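K.L.:
Below you'll find the structure I mean.
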Amino acid sequence: MRNKLDEIDQASRTEPLKEMTRPEIDQFLTCARIGRIGLISKEGPYIVPVGFAYSDGKIFFHTCREGLKMEAIRANPNVCFEVDESISDGSLAKSVIIWGRAEVIEDKERMIPYLQKLIDKYRVPLPFSDYMVRGNRNVKEELKKVRICLIVPHSMNGKKVVRTNGNF
């Protein structure tokens with residue numbers, strides 16, 4: 001005779017891992033707050049969490065112009081980017097993995113539209129110029145220090161598990 005735990009265990013093993021559709025991936029990447037960029041540094045694999053935005057099929061984030069992340073990107077622009085989420089009760093899990101090429105944007109004028117999208121996502125939506133004058137910021141100096149890293153995907157896939165049968 002099977003007990004209840006055997007039934008629950010069997011149900012959890014049969015929950016299908018499903019491919020996410022492109023619209024599901026796009027929505028997930030648009031709403032997610034944190035992603036992880038995988039790089040190859042001199043020391044080996046290097047994974048860093050970053051706040052990011054997703055627009056026009058591309059991932060982007062701001063970073064300092066110097067540091068291990070930038071050193072690794074400049075040495076090898078082939079990157080992997082991962083975003084995931086799950087609910088603690090196990091009823092929902094999603095993960096998207098993107099393989100692509102990173103481009104460092106250094107031109108200040110070209111950076112501003114990307115910075116605006118990051119401000120819109122993570123701060124009170126204000127025009128870039130209005131946001132940057134708050135708190136006596138030195139816009140010129142800040143733009144000298146910051147860079148945008150743009151990831152152009154050559155491949156991406158998403159997987160999800162949605163448990164609806166109540167057996168966790």
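K.L.:
Could you grab me the full set of residues in region 21-32 that are assigned to a helix (DSSP H, G or I) and surrounded by 13 or more Cβ atoms within 10 Å (Cβ to Cβ)?
P.N.:
The answer is 24, 25, 26, 27, 28, 29.
K.L.:
Please tell me if residue 83 is in contact with a Leu (Cβ under 9 Å, 6 or more places away or on another chain), in contact (Cβ under 8 Å) with a residue 60 or more places away in the chain and in a strand (DSSP E or B).
P.N.:
In short, no.
K.L.:
Do we have any residue at all in region 131-143 that's crowded, with 17+ Cβ neighbours inside 10 Å, within 20 Å of the chain's Cα centre (by Cα), more than 19 Å from residue 25 (Cβ to Cβ) and at pLDDT below 90?
P.N.:
Looking through region 131-143, none of the residues is crowded, with 17+ Cβ neighbours inside 10 Å, within 20 Å of the chain's Cα centre (by Cα), more than 19 Å from residue 25 (Cβ to Cβ) and at pLDDT below 90.
K.L.:
Which of the residues that make up region 62-88 are of a type in the set (Asp, Glu), at pLDDT 90 or above and within 27 Å of residue 108 (Cβ to Cβ)?
P.N.:
Correct list: 71 only.
K.L.:
Further question: Assess whether residue 35 counts as being in a strand (DSSP E or B) and under 22 Å from residue 120 (Cα atoms).
P.N.:
Yes, satisfied.
K.L.:
Pairs please, first residue from region 113-126 and within 12 Å of residue 33 (Cα to Cα), second anywhere and modelled with pLDDT of 80 or more and not in a helix (DSSP H, G or I), Cβ atoms under 7 Å, 6+ apart in sequence or on different chains.
P.N.:
118/53; 118/62; 121/53; 122/51
K.L.:
Just the residues that are free of Cβ contacts under 8 Å to residues at least 24 places away in the same chain and either among the aromatic types (Phe, Trp, Tyr) or assigned to a loop (DSSP other than H, G, I, E, B) (or both), please, taken from region 89-111.
P.N.:
Scanning region 89-111 gives a single hit, 107.
Okay, residues lined up against (1) surrounded by fewer than 16 Cβ atoms within 10 Å (Cβ to Cβ); (2) assigned to a loop (DSSP other than H, G, I, E, B); (3) of a type outside the set (A, V, I, L, M):
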position: 49; (1), (2), (3): yes, no, yes
position: 60; (1), (2), (3): no, no, yes
position: 63; (1), (2), (3): no, no, yes
position: 71; (1), (2), (3): yes, no, yes
position: 74; (1), (2), (3): yes, no, yes
position: 79; (1), (2), (3): no, no, no
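K.L.:
Let me ask you something else. Which condition number does residue 125 fail, the rest of (1) over 22 Å from residue 156 (Cα atoms); (2) part of a strand (DSSP E or B) being met?
P.N.:
(2)
K.L.:
Say whether the condition of being at pLDDT below 95 and in contact with a Gly (Cβ under 8 Å, 6 or more places away or on another chain) is met by at least one residue in region 54-61.
P.N.:
Yes - at least one qualifying residue is present in region 54-61.
The values are calculated or read from the model by the stated rules, or taken from the named source; none is laboratory data. The shown structure was predicted, so the numbers you read here are calculated from the model rather than taken from an experiment. No Cβ is skipped: glycine too gets one built from the backbone with ideal geometry, and neighbour counts run over all protein chains shown.
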